[in-house]
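Enquirer: Handing you a structure now.
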Amino acid sequence: QVQLVESGGGLVQAGGSLRLSCAASGRTFNNYAMGWFRQAPGKERDFVASINWSGGITSYADSVKGRFTISRDNAKNTVYLQMDSLKPEDTAVYYCAASYYTGSIPGGYPYWGQGTQVTVSS
């Protein structure tokens, strides 16, 4: 099992940037593919980005492509989400998740963090 803790959320103006971090503990971090998801109030949890165990394969939702970048540092047991050119519609609770396989479906990820709030003001 792996434990995940997100950090780096906050309040930012539209057009600004934030970097989210997700620190993992427990079983070997580089056994896992990692994903970022987000959930706005009253909405379902949506896929944002994923990265395979080595960092060599990444995938993004169309809504964030070109603005967000997922990366990982296996030596630090940490995955990152660099968010640039933020928009008010990016406002949500952001969750990191771990799985043995990359994918965009939340049900495919057995391990989840508690989430971090990102609020983008217009």
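Enquirer: In the range 87-97, how many are open to solvent by 70 Å² or more (accessible area, probe 1.4 Å) and either outside any loop (DSSP other than H, G, I, E, B) or in contact with an Asp or Glu (Cβ under 6 Å, 6 or more places away or on another chain) (or both)? Break it down into steps so the answer makes sense when it comes.
Expert: From the range 87-97, those open to solvent by 70 Å² or more (accessible area, probe 1.4 Å) are 87, 89; that's our starting set.
In the following step, the residues that additionally are either outside any loop (DSSP other than H, G, I, E, B) or in contact with an Asp or Glu (Cβ under 6 Å, 6 or more places away or on another chain) (or both) were identified as 89.
So the count comes out to 1.
Enquirer: Just to be sure before I move on: is TYR100 more than 18 Å from THR119 (Cα to Cα) and either touching a residue at least 12 places away in the same chain (Cβ under 8 Å) or crowded, with 21+ Cβ neighbours inside 10 Å (or both) in the structure I sent?
Expert: Details: more than 18 Å from THR119 (Cα to Cα): yes; either touching a residue at least 12 places away in the same chain (Cβ under 8 Å) or crowded, with 21+ Cβ neighbours inside 10 Å (or both): yes.
For TYR100, the condition - more than 18 Å from THR119 (Cα to Cα) and either touching a residue at least 12 places away in the same chain (Cβ under 8 Å) or crowded, with 21+ Cβ neighbours inside 10 Å (or both) - is met.
Enquirer: Right, next: Going by the conditions given, is VAL64 among the β-branched types (Val, Ile, Thr) and under 15 Å from GLN117 (Cα atoms)? Before you say what the answer is, go through the steps one by one.
Expert: On the way: among the β-branched types (Val, Ile, Thr): yes; under 15 Å from GLN117 (Cα atoms): no.
Against the criterion (among the β-branched types (Val, Ile, Thr) and under 15 Å from GLN117 (Cα atoms)), VAL64 does not qualify.
Enquirer: Please verify whether the range 5-20 includes one or more residues that are farther than 12 Å from MET83 by Cα, free of Cβ contacts under 8 Å to residues at least 60 places away in the same chain and not charged (D, E, K, R).
Expert: There is no residue in the range 5-20 that is farther than 12 Å from MET83 by Cα, free of Cβ contacts under 8 Å to residues at least 60 places away in the same chain and not charged (D, E, K, R).
Enquirer: Can you run down the residue pairs with Cβ atoms below 6 Å, 6 or more apart or on separate chains, where the first is in the range 48-60 and more than 20 Å from MET83 (Cβ to Cβ) and the partner is among the aliphatic types (A, V, I, L, M) and open to solvent by less than 60 Å² (accessible area, probe 1.4 Å)?
Expert: Hits for this filter: ASN52/ALA33; TRP53/ALA33.
Enquirer: If you don't mind, another one. Any idea which residue in the range 99-122 is farthest from GLN1 (Cα to Cα), counting only those that are touching a helix residue (DSSP H, G or I) at 6+ places or on another chain (Cβ under 8 Å) and not in a loop (DSSP other than H, G, I, E, B)? Let's see the steps before the verdict.
Expert: Pass one, the range 99-122, residues touching a helix residue (DSSP H, G or I) at 6+ places or on another chain (Cβ under 8 Å): 99-101, 118, 120-122.
Going one step further and asking which of them are not in a loop (DSSP other than H, G, I, E, B), we end up with 99, 118, 120-121.
Working: SER99: 10, VAL118: 27, VAL120: 33, SER121: 37 Å.
Checking each candidate, the answer is SER121.
Enquirer: Separate question: Give the residues of the range 77-86 that are assigned to a strand (DSSP E or B) and of a type outside the set (Phe, Trp, Tyr), sorted by residue number.
Expert: Going residue by residue through the range 77-86, those that are assigned to a strand (DSSP E or B) are 78-83.
Answer for the range 77-86, where residues must be assigned to a strand (DSSP E or B) and of a type outside the set (Phe, Trp, Tyr): THR78, VAL79, LEU81, GLN82, MET83.
Enquirer: Could you count how many residues in the range 53-76 are open to solvent by 60 Å² or more (accessible area, probe 1.4 Å) and either assigned to a loop (DSSP other than H, G, I, E, B) or closer than 24 Å to GLN1 by Cβ (or both)?
Expert: Qualifying residue count for the region: 10.
Enquirer: For the range 39-63, give me each residue that is of a type in the set (Val, Ile, Thr) and touching a Leu at 6+ places or on another chain (Cβ under 9 Å).
Expert: Our first condition is that a residue be of a type in the set (Val, Ile, Thr); within the range 39-63, this holds for 48, 51, 57-58.
Matches in the range 39-63: VAL48 only.
The values are calculated or read from the model by the stated rules, or taken from the named source; none is laboratory data. Since the structure is predicted, the reported quantities are computational estimates derived from the model, not experimental observations. A quick note on method: Cβ atoms are made from the backbone with ideal geometry, for glycine too, and the neighbour counts reach across all protein chains shown. With ligands, DNA and RNA removed, areas are computed over all heavy atoms of the protein, side chains included. Shrake-Rupley method; radii C 1.70, N 1.55, O 1.52, S 1.80 Å.
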